[in-house]
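Here is the structure we will look at, set down as structure tokens.
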Amino acid sequence: MIITIHGTGMELTPSIREYAEEKITSLEKFFDKITKAEIDLGMQSHHHNKGDIFYAEVTLDIPGRVLRVVKEEPDLYKAIDKVKDHLKIELDSAKEKMR
């Protein structure tokens with residue numbers, strides 16, 4: 001799987017980059033035909049009630065489909081975890097449809 005990681009409105013530290021790559025790479029054990037993963041991590045402008053809001057957007061290319069999930073959280077690591085969990089569900093359903 002080819003993984004590209006982009007940061008929008010924030011600096012990507014090596015630990016953030018490594019964490020995101022580790023989480024998305026772990027999806028290969030659920031679906032081994034993922035060809036490409038694009039990860040966009042960023043911070044939206046300051047929300048008036050909630051402070052900084054981070055988002056994680058992941059686009060996966062699998063045979064015949066493209067899966068895209070976006071999650072927003074006050075903590076970037078939580079957003080990455082939620083995207084991974086949602087993509088796992090999407091990959092399970094895609095695997096069932098391919099059978």
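The values are calculated or read from the model by the stated rules, or taken from the named source; none is laboratory data. Treat the numbers as computed from the prediction; the structure is a model and nothing was measured. Note that each Cβ is placed from the backbone with ideal geometry, even for glycine, and that neighbours are counted across all protein chains shown. Heads up: the accessible areas ignore ligands, DNA and RNA and are worked out on the full protein's heavy atoms, side chains in. Shrake-Rupley method; radii C 1.70, N 1.55, O 1.52, S 1.80 Å.
Some notes on this structure:
- Restricted to the chain, the set of strands (runs of 3 or more DSSP E) holding at least 3 residues that are touching a strand residue (DSSP E or B) at 6+ places or on another chain (Cβ under 7 Å) and open to solvent by less than 30 Å² (accessible area, probe 1.4 Å) comprises 36-43, 54-62.
- Residue that is touching a helix residue (DSSP H, G or I) at 6+ places or on another chain (Cβ under 6 Å), among the small types (Gly, Ala, Ser) and within 21 Å of His6 (Cβ to Cβ), where the choices are Ala79, Ala56: Ala56
- Close pairs (9 angstrom Cβ cut-off, 6 or more residues apart or separate chains): closer than 9 Å to Leu41 by Cβ and among the aliphatic types (A, V, I, L, M) in the range 1-13, exposed (fewer than 14 other Cβ atoms within 10 Å of the Cβ) and at pLDDT 90 or above anywhere: Leu12/His6
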